[in-house]
Amino acid sequence: MKSSRQFFVLALGMVQLWTAFTSAAQKPVLTKEKDLTIYRDERFYAAFPSVVRRESGELIVAFRRAPDRRVFGEGGNNHTDTNSYLMLVRSTDNGETWTESPELILAHPFGGSQDPCMIQLNDQSILCSSYGWARVDDQVKDEFPHSLQHGNFTFMGGYMVRSEDGAHTWSDIIKPPPVPVSVTHDVFGDPTPAYNRGAMVQGDSGRLYWAVAAQTRLKPRLTSTHLMTSDDGGLTWEYRCPIAEDDSASFNETSLYITPRGDLIAFMRTADYDDHTVIARSTDGGMSFQPWEDSTFQGHPHFALRLPDSNVLLVYGYRHKPFGIRARILNPECTDFAAAEEMIIRDDGRNRDLGYPWATMTADGKVLVTYYFHDESENRHIAGTLLAIDN
């Protein structure tokens, strides 16, 4: 890492400490009320949720579901599966109960899908991004030297679907363009379509902002993050600029947030950087980003929720002992991330295969944090925690 960046982080840390000291009294207190089971079936491995709240107060949670391979006598599960589909469940009582039979968002015709990331747009339509893996046999794996591979699966890249009727029906697949600096190809031999796990945001103008990952080196793998935008609700996309890149650390799984001042904040997962969260900021509407900053804490991936008083609840998975879900309340401009006190939402995980939280306000003024979790049976299911806000 460059010494100039270290000096910049040190100086910024002093500012953040002062900001946290002066604003601490203005922050709300979040109290854990209870943990919930949102979706669970012993026959399935469910993971990677996202959640939106409709104008009616209805909550919709989307997630990735695949067979629990132990049902077939196999030894365990992987995050790639030919029968990995995008599903959803609903709640009309602020998360207390959920529909038992999940609805299908998409079964991709060429492979298994991952991480449905929903955003509800200003016109109440819902855009859901995902990405997929196609299974290929051993005898043809070597025919994809420029593709990401995971065991017998080759990467298909990202895609999206849209719903105009409250997630009851969905559009055909929307294929985004590749990131210009990416060096990889998908299973079809084309430049890899842009992809990401993380939250998009929509600005006041209606413009959508999407942080995507790109491989700038395949072996050894090096990943950077980049900004793409859409002015037509996600039907077409345009490349804007790099968000974060480095010669040794990789960045991926990025969630975006827009502050009241209009700054665009990227909360990023890292690789080869001790699992530290890093953050980048754009003050010019996504035309460029300032140098990335080390948050000094561990966790991934992230979701930032604006609270009623404009402070920000940042939730993230914690894949270190004790395994679970954690959070911090940041000030409205997200400048005190390093100094903000950490809150433990769950610390009863048995291993690191958990997390990926996403949050929303409920109609009765509480916070619902969704994530995937497990218990002594090792069944992966969609869970949640309700938090009460005390100002």
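The values are calculated or read from the model by the stated rules, or taken from the named source; none is laboratory data. Worth saying up front: this structure is predicted, and the values here are computed from it rather than measured. Here the Cβ is made from the backbone with ideal geometry for all residues, glycine too, and neighbour counts use every protein chain on show.
Residues that are in contact with a His (Cβ under 6 Å, 6 or more places away or on another chain) and in contact (Cβ under 8 Å) with a residue 40 or more places away in the chain: does segment 68-80 have at least one? Among the residues of segment 68-80, at least one is in contact with a His (Cβ under 6 Å, 6 or more places away or on another chain) and in contact (Cβ under 8 Å) with a residue 40 or more places away in the chain, which makes the answer yes. Criterion applied to Thr229, Thr169 was being modelled with pLDDT of 95 or more and either over 22 Å from the mean Cα position of the chain (by Cα) or in a loop (DSSP other than H, G, I, E, B) (or both), and the one residue passing it is Thr169. Looking at segment 282-292, can you tell me whether even one residue there is modelled with pLDDT of 95 or more, surrounded by fewer than 20 Cβ atoms within 10 Å (Cβ to Cβ), of a type outside the set (Lys, Arg) and closer than 28 Å to Phe63 by Cα? No. When you look at Ala359, is it among the hydrophobic types (A, V, I, L, M, F, W, C), out of contact with any Leu (no Cβ under 6 Å at 6 or more places or on another chain) and touching a residue at least 40 places away in the same chain (Cβ under 8 Å), yes or no? Against the criterion (among the hydrophobic types (A, V, I, L, M, F, W, C), out of contact with any Leu (no Cβ under 6 Å at 6 or more places or on another chain) and touching a residue at least 40 places away in the same chain (Cβ under 8 Å)), Ala359 does not qualify. Say we look at segment 29-57 and pick out the residues that are out of contact with any Gly (no Cβ under 6 Å at 6 or more places or on another chain) and among the aliphatic types (A, V, I, L, M); which of these is farthest from Gly76 (Cα to Cα)? If we take residues in segment 29-57 being out of contact with any Gly (no Cβ under 6 Å at 6 or more places or on another chain) and among the aliphatic types (A, V, I, L, M), then Val29 is farthest from Gly76 (Cα to Cα). Counting only residues that are surrounded by fewer than 17 Cβ atoms within 10 Å (Cβ to Cβ) and either acidic (Asp, Glu) or at positive phi (or both), segment 334-371 holds 6 of them. If the condition is being farther than 30 Å from Gln139 by Cα, of a type outside the set (S, T, N, Q) and assigned to a loop (DSSP other than H, G, I, E, B), then segment 182-209 contributes Arg197, Gly198, Ala199, Met200, Gly203, Asp204, Gly206, Arg207. Every condition in (1) closer than 22 Å to Ser255 by Cα; (2) not in a loop (DSSP other than H, G, I, E, B) is met by Pro176 except one, and the failing one is (2). Among the residues of segment 219-242, those that are of a type in the set (A, V, I, L, M, F, W, C) and either closer than 11 Å to Pro177 by Cβ or surrounded by 16 or more Cβ atoms within 10 Å (Cβ to Cβ) (or both) comprise Leu222, Leu227, Met228, Trp237. Of the residues that sit in segment 189-236 and are touching a Lys or Arg at 6+ places or on another chain (Cβ under 9 Å) and polar (S, T, N, Q), which one is nearest to His302 (Cα to Cα)? Once the filter is applied, the top-ranked residue is Thr223.
Residues are listed down the side, and each one gets a yes or a no for (1) of a type outside the set (Phe, Trp, Tyr); (2) part of a loop (DSSP other than H, G, I, E, B):
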site	(1), (2)
Tyr239	no, no
Phe251	no, no
Thr254	yes, no
Ser288	yes, yes
Pro308	yes, yes
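Scan segment 57-77 and tell me whether some residue there is among the aromatic types (Phe, Trp, Tyr), more than 23 Å from Ala194 (Cα to Cα) and at pLDDT 95 or above. Yes.
Each residue in segment 332-356 was checked for being β-branched (Val, Ile, Thr) and free of Cβ contacts under 8 Å to residues at least 40 places away in the same chain, and 1 pass. The one condition from (1) of a type in the set (Ser, Thr, Tyr); (2) exposed (fewer than 15 other Cβ atoms within 10 Å of the Cβ); (3) in contact (Cβ under 8 Å) with a residue 40 or more places away in the chain; (4) touching an Asp or Glu at 6+ places or on another chain (Cβ under 9 Å) that Thr296 does not meet is (4). Filtered by the rule that a residue be over 16 Å from Pro357 (Cβ atoms) and surrounded by 18 or more Cβ atoms within 10 Å (Cβ to Cβ), segment 41-57 gives Phe44, Tyr45.
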